[in-house]
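The values are calculated or read from the model by the stated rules, or taken from the named source; none is laboratory data. All values reported here derive from a predicted model rather than from experimental measurement. Neighbour counts are summed over all protein chains in view; Cβ atoms, including those assigned to glycine, are modelled from backbone coordinates with ideal geometry. Please note that ligands, DNA and RNA were not included when accessible areas were found on the heavy atoms of the full protein model with its side chains. Shrake-Rupley method; radii C 1.70, N 1.55, O 1.52, S 1.80 Å.
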Amino acid sequence: MHRSAIAVLASGRGSNLKSILEAMKDPAYPAEVTLVLSDVRDAPALDAARAAGIEAIAIDSDRKGPRFARSAEATILSALAEREIRCLVLAGFMRILSRSFLRSFDGPVLNIHPSLLPAFPGLDAQGQALRHGVRIAGATVHLVDEGIDTGPIVGQSAVPVHANDTREALADRILETEHRLFPESIRKVLTVPYVIEGRRLRFHEEETSRS
Ligand code: GRF
């Protein structure tokens, strides 16, 4: 079976990366992670990639703050092109990619966020959910556009919020569901044709299942 080469961008611990590497052990899984990139030189995600025998590169960017320098984005784009990467996955990636980067990459760019978007975008989504007093929280995988956590939704998964939850307990419960949702969403985007209608991503199988 043909597997699409995907690259993962991660800034931190890399548990979502590991869930994708786990899914990819199944030969029927349609994607293979062939490159992991990080904006953090000592990110555990880079170690996880190397331990799995996958190329891992830290991207230097002089620029502080949420955006990369143009030159750093150009480095990433050429690394992706050289390796014929078909899909880019942001797994705990803490920077914002520019509009010109997103236009230049020819393939889907996916992100996972620990809330049921459009609720609680941005930092500390789990803390935002607790402070707001919602009874249901969860995770969202979406296509990346130039906003923060705003692109068309690919998949969502809900978890309950318990009355005595700490931020950590809620974050752990959400993370567990992320680890199933992300590999499944990647599989779907790579294997099921879809169209974007306004804000909405519609998979073709949803249309046929109704007819
Ligand atoms: C996850 O909660 C993800 O939703 C968010 O950042 C966290 C990354 O965790 N975007 P990990 O590095 O994958 O363990």
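Please return the ranges of strands (runs of 3 or more DSSP E) entirely within the stretch 68-165 where 3 or more residues are open to solvent by 20 Å² or more (accessible area, probe 1.4 Å).
153-160
Would you check which residues across the stretch 1-52 are within 15 Å of the ligand (Cβ to nearest atom), open to solvent by 10 Å² or more (accessible area, probe 1.4 Å) and under 18 Å from residue 77 (Cα atoms) and list them?
Correct list: 11, 39, 40.
Looking at 98, 104, 78, 71, which is the one that is within 22 Å of residue 145 (Cβ to Cβ), more than 18 Å from the chain's Cα centre (by Cα) and of a type in the set (Ser, Thr, Tyr)?
104
Would you check if residue 168 is surrounded by 17 or more Cβ atoms within 10 Å (Cβ to Cβ), out of contact with any Gly (no Cβ under 7 Å at 6 or more places or on another chain), modelled with pLDDT of 95 or more and of a type outside the set (Phe, Trp, Tyr)?
So residue 168 does not fit the description; no.
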